[in-house]
1. Is there any pair linking a residue in the stretch E:92-107 that is crowded, with 24+ Cβ neighbours inside 10 Å and at pLDDT 95 or above to one that is of a type in the set (D, E, K, R) and assigned to a strand (DSSP E or B), with Cβ under 6 Å and at least six apart or on different chains, and which?
2. Which condition number does E:V135 fail, the rest of (1) in contact with a Lys or Arg (Cβ under 9 Å, 6 or more places away or on another chain); (2) over 18 Å from F:V36 (Cβ atoms); (3) modelled with pLDDT of 95 or more being met?
3. Checking the conditions here, which among E:G34, E:G39, E:G64 is over 22 Å from A:V20 (Cα atoms), in contact with a strand residue (DSSP E or B) (Cβ under 6 Å, 6 or more places away or on another chain), more than 14 Å from chain C (Cβ to nearest Cβ) and in contact (Cβ under 8 Å) with a residue 24 or more places away in the chain?
4. Being farther than 21 Å from D:R61 by Cβ, at the interface with another protein chain (Cβ under 7 Å from one of its Cβ atoms) and of a type in the set (S, T, N, Q) is true for just one of A:S91, A:S85. Which residue is that?
5. Of the numbered conditions (1) at the interface with chain E (Cβ under 10 Å from one of its Cβ atoms); (2) surrounded by 24 or more Cβ atoms within 10 Å (Cβ to Cβ), F:E116 satisfies every one except a single condition; which is it?
6. Mind checking whether some residue in the stretch F:108-126 is in a strand (DSSP E or B), in contact with a Lys or Arg (Cβ under 8 Å, 6 or more places away or on another chain) and farther than 18 Å from D:H79 by Cα?
7. Before we move on, is A:A94 aliphatic (A, V, I, L, M) and out of contact with any strand residue (DSSP E or B) (no Cβ under 6 Å at 6 or more places or on another chain)?
8. Hey, does the stretch B:79-96 have a residue that's under 12 Å from the mean Cα position of the chain (by Cα), part of a helix (DSSP H, G or I) and closer than 30 Å to F:V113 by Cβ?
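The values are calculated or read from the model by the stated rules, or taken from the named source; none is laboratory data. On a predicted model such as this, the values are computed, not experimentally measured, just so you know. Counting neighbours? That spans all protein chains shown, and the Cβs are built from the backbone with ideal geometry, glycine included.
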6 protein chains.
Amino acid sequence: MSEPKLTHFDESGGARMVDVTAKDPSERRAVAAGSVWVGPETYRRITDRSLEKGDVLQVARLAGIMAAKRTADLIPLCHPLPLTSVSVEFSLVAEDHRVDIRSEARVTGKTGVEMEALTAVSVAALTVYDMCKAVDKGMVIGDVRLMRKEGGKSGVYEREG
Amino acid sequence: MSEPKLTHFDESGGARMVDVTAKDPSERRAVAAGSVWVGPETYRRITDRSLEKGDVLQVARLAGIMAAKRTADLIPLCHPLPLTSVSVEFSLVAEDHRVDIRSEARVTGKTGVEMEALTAVSVAALTVYDMCKAVDKGMVIGDVRLMRKEGGKSGVYEREG
Amino acid sequence: MSEPKLTHFDESGGARMVDVTAKDPSERRAVAAGSVWVGPETYRRITDRSLEKGDVLQVARLAGIMAAKRTADLIPLCHPLPLTSVSVEFSLVAEDHRVDIRSEARVTGKTGVEMEALTAVSVAALTVYDMCKAVDKGMVIGDVRLMRKEGGKSGVYEREG
Amino acid sequence: MSEPKLTHFDESGGARMVDVTAKDPSERRAVAAGSVWVGPETYRRITDRSLEKGDVLQVARLAGIMAAKRTADLIPLCHPLPLTSVSVEFSLVAEDHRVDIRSEARVTGKTGVEMEALTAVSVAALTVYDMCKAVDKGMVIGDVRLMRKEGGKSGVYEREG
Amino acid sequence: MSEPKLTHFDESGGARMVDVTAKDPSERRAVAAGSVWVGPETYRRITDRSLEKGDVLQVARLAGIMAAKRTADLIPLCHPLPLTSVSVEFSLVAEDHRVDIRSEARVTGKTGVEMEALTAVSVAALTVYDMCKAVDKGMVIGDVRLMRKEGGKSGVYEREG
Amino acid sequence: MSEPKLTHFDESGGARMVDVTAKDPSERRAVAAGSVWVGPETYRRITDRSLEKGDVLQVARLAGIMAAKRTADLIPLCHPLPLTSVSVEFSLVAEDHRVDIRSEARVTGKTGVEMEALTAVSVAALTVYDMCKAVDKGMVIGDVRLMRKEGGKSGVYEREG
């Protein structure tokens, strides 16, 4: 009995974009999440900013949204997709000095939008790093993961925690 | 006594690219690292591939290198830099089913290349995710962090662990 | 009674791409216009060129068309759209030393193509500036505006003048 | 006596990128400006936003900065330049319901950065349009012009008004 | 009787993107091919590599696939298309020291994907050149041509040889 | 005695961007050439156009120049370079119905510009194909090769024929 394949490779091991021509377009949605752990002082400043003018997070949000649109440029075997929605949201977790990032991407298309949501989270996190690195080089980006995926033949995927 | 500032904001809180015109170019180098935790089955396949044809990791490596070159396109307030070197390397940690990624970027320029190295690691990790997601949606990307930074006025930064 | 909203913001004021997933695709068309005011000498040269080899305007036309295709890369919250047509046209108004630019964009899609047409006009105008700036730094770009928009639920918009 | 040439054309009228290889790099700076005329209701909302969370203008500012970095991708014969600084600022002119945009770009390089500053202004203006177009299609972008240019052999250019 | 037109020009000779709005989307497929002639020593090394780790060709394959996705960014009057499949394959012809490249592109869309397949071949070939140029500057890229095209009103095109 | 290496690979066969950090910048220049063989009817039309309005070749010229600026985006292991000059020229060879393309690229930098010149030629050729393909699918692109290279330690390379 055959096992599921790493579909990005052809018979001889060459990388390839999976052929989705014959698939029917359907509504697809993916949610990804991730976090940035920052120092206490950096945390305070991001929070103050976001109370005042919301900036670090506003810049990171836009960077994430724009990056989602360029996913197929960045990830070699991703299909280009006409995204119909991308959002990026933040929550601040004071006890851990942590910025939580959550992104949702949607499309009516032939393949899923997991990579778009994950790319949005990653680039939003990198942007938080970039904007705070003058005061804190020790920040860590982590827990970048797919939370939920809907649409297409494989049905719903939901991560536990 | 004034505290160090979030230099990406002007007096009135507007985002801005830090002005580095007056700085002298110098040799700069940054090393970043990160990891992808995969399932045991996925781990086995990545390993097999890399023994045979090296593919998942070869594709991820190229994606990381190419993304480093586009850092200024992705991170809103990053300066464009004529990178003189980017490398991406992997090590496989069997007991944790973990792929460790390490990137080094270099430039002779007026600002550092931390974001280039971190972007290379992040996009390499996303590419590992993309290439294995047909068999494993539960992978997690984490520990993305700056390991070392040299050059420029602020001197050497070295992360402990 | 609620007033129409700035739909690019969510409840808490965060920027977002408007979710158009549920919309039906329809044929959409937008026409934008704009002008470049140049000095008399520059005007003469553009005209001569266009009689001889049509160059300044040919280059500007291509720049406008290519920029329309990259609108979603430039405008943070624009949806990517598979444009089915873009054209850029010029008329020369001798008495004002003015180059008038008109662009039409079309798509079968879920959102309108106003930004594509406006981006084509703006980048065509910037290209005229670039190509003539060695002899005339005083050129002014203006009157960049939406002339007409068709398709989608909101129906036809037609600017008066 | 020969007149100054449209340097973007070769002898036979073919478009070309001007050869600046032999020039010495020097510090260069350009300031551009432009305006968006909006309806009174739109004006009020932009103002409210900018008092509360600054959003339309924050998004437009980032779009302008990011576009400046991609000038050479958009304007066919522009040289790629490693920008060392870009800023975009706004002032609100209540009596005219006008948003004034001002951008400054800097580089140490072989050619000037006028196009980078003008591109930043144009794309910031287009972004204002994009973000308000759901409530106001009649906005007009205009007065896009070079205000000042320094550095390089041709010396200082300063626009009067 | 009128002859077929160079459809990329309007009545007055201005370049334009052909308007395909009214066309129905259909499944389309194109196959292109091309070759790189290399020196005997270079040929030996590419072959050895591909037996060991497949690298020159793996890198070239990815470059070709990624370039296919950017065709509309490169070819001024190409329509942007949401590619559903791209593959790039190589065969090595020992007697001529020749690397043969073959690419297939597919889409469900309103225009054909010839340019995508041809762009994939060309950029894969350029990448072979880039990766071997330290040891061989005399390589030649040639025979880049459309082999087959299906879908759309014009029916099947098949090249003889 | 060791033989020259394929420098794009590290010890373990992983692809990498060659480290040029320690090199001194110098003036560099590369000339590449290539050809498009077209049908007699297509040849006549290109010629007529170029006598009248020069269009196919003007569009191809711009596409080539713009592509040269994006070489590092297309070729995975190419260094980004601040090009100081790119030109693309054509000559028409009536007896073979052939369009000859020649590109020169220049930079003051740490690595050569062969890939930029070759990319300009290739994309100009692809653009000729794109613009004529409605009337001629049998065109062939070939003889894409480096003609000359100057600057840097390795000195002058000149192709014979």
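1. E:R106/E:R29; E:V107/E:R28
2. Checking E:V135 against (1) in contact with a Lys or Arg (Cβ under 9 Å, 6 or more places away or on another chain); (2) over 18 Å from F:V36 (Cβ atoms); (3) modelled with pLDDT of 95 or more, the one that fails is (3).
3. Working: E:G39 fails: in contact with a strand residue (DSSP E or B) (Cβ under 6 Å, 6 or more places away or on another chain); E:G64 fails: over 22 Å from A:V20 (Cα atoms).
Going through E:G34, E:G39, E:G64 in turn, just one is over 22 Å from A:V20 (Cα atoms), in contact with a strand residue (DSSP E or B) (Cβ under 6 Å, 6 or more places away or on another chain), more than 14 Å from chain C (Cβ to nearest Cβ) and in contact (Cβ under 8 Å) with a residue 24 or more places away in the chain: E:G34.
4. Numbers: A:S91 fails: at the interface with another protein chain (Cβ under 7 Å from one of its Cβ atoms).
Residue meeting the stated conditions: A:S85.
5. Status for F:E116: all satisfied but (1).
6. Of the residues in the stretch F:108-126, the ones in a strand (DSSP E or B) are F:108-109.
From what's left, in contact with a Lys or Arg (Cβ under 8 Å, 6 or more places away or on another chain): F:108-109.
From what is left, the residues that are farther than 18 Å from D:H79 by Cα are none.
Among the residues of the stretch F:108-126, not one is in a strand (DSSP E or B), in contact with a Lys or Arg (Cβ under 8 Å, 6 or more places away or on another chain) and farther than 18 Å from D:H79 by Cα, which makes the answer no.
7. Working: aliphatic (A, V, I, L, M): yes; out of contact with any strand residue (DSSP E or B) (no Cβ under 6 Å at 6 or more places or on another chain): yes.
Against the criterion (aliphatic (A, V, I, L, M) and out of contact with any strand residue (DSSP E or B) (no Cβ under 6 Å at 6 or more places or on another chain)), A:A94 qualifies.
8. Of all residues in the stretch B:79-96, those under 12 Å from the mean Cα position of the chain (by Cα) come to B:86-89.
Those still in the list that are part of a helix (DSSP H, G or I) too: none.
No: zero hits.
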